[in-house]
1. Can you work out the Karplus-derived ³J(HN,Hα) for every residue in region 82-95? Use 6.51 cos²θ - 1.76 cosθ + 1.60 with θ = phi - 60°, whole Hz, and x for glycine or proline.
2. In sequence order, what are the phi-derived ³J(HN,Hα) couplings for region 45-54 according to the Karplus relation 6.51 cos²θ - 1.76 cosθ + 1.60 with θ = phi - 60°, rounded to whole Hz, with x for glycine and proline?
3. Once you sort the root eigenvalues of the Cα gyration tensor of the chain as a ≥ b ≥ c, which label holds: rounded (a/c under 1.5), prolate (a/b larger than b/c) or oblate (the other case)?
4. So, by mean Cβ neighbours within 10 angstrom, what's the order for 25-36, 84-95 with the highest one leading?
5. Which ³J(HN,Hα) values in Hz, rounded to whole numbers, follow from the phi angles of region 6-12 under the Karplus curve 6.51 cos²θ - 1.76 cosθ + 1.60, where θ = phi - 60° and Gly and Pro get x?
Amino acid sequence: MRFQSVGALDGAPTGAVDWTGGSCVDLIMQPGNVTVRDGSFSLADGLLEGTYEATGGPDATGHVVVTETFTLTGGNGVYEGATGSGTFTADVDLFTTIADVTLIGSLELAG
């Protein structure tokens, strides 16, 4: 199942920009748990790609809250060759398919 995300990014080196993104929510990888993985972020001036994976079980309200690290692996446009890393927290509502994702970390542009 793919979840779509929207948000705002602010800080160096990008300044304030809006982003859209998506990640896979895998209900099969580990039975009884939910795995959030394979993220990408589209910004106004290019695509920023990253990897993350976190696994957790749903609570009684149908939410899965996970915290894990992410790694930025490049992209296109101004993000070609970009690197970075940090921590992400995701709150996935399995009933509404809404995911609240927060990423805190660093981004370094190539060149």
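1. Once rounded to whole Hz, the list reads 5, 9, x, 6, x, 10, 10, 10, 10, 10, 9, 8, 5, 8.
2. 10, x, 9, 10, 10, x, 10, 7, 8, 9
3. On the way: a/c = 2.29, a/b = 1.99, b/c = 1.15.
Since a/c reaches 1.5 and a/b is larger than b/c, the shape of the chain is classed as prolate.
4. Details: 25-36: 14.6, 84-95: 16.5.
The densest-packed peptide leads the list: 84-95, 25-36.
5. 9, x, 10, 10, 9, x, 6
No value in this document is a laboratory result; all are computed from the given coordinates. Keep in mind it's a predicted model, so treat the numbers as computed, not measured. Note that each Cβ is placed from the backbone with ideal geometry, even for glycine, and that neighbours are counted across all protein chains shown.
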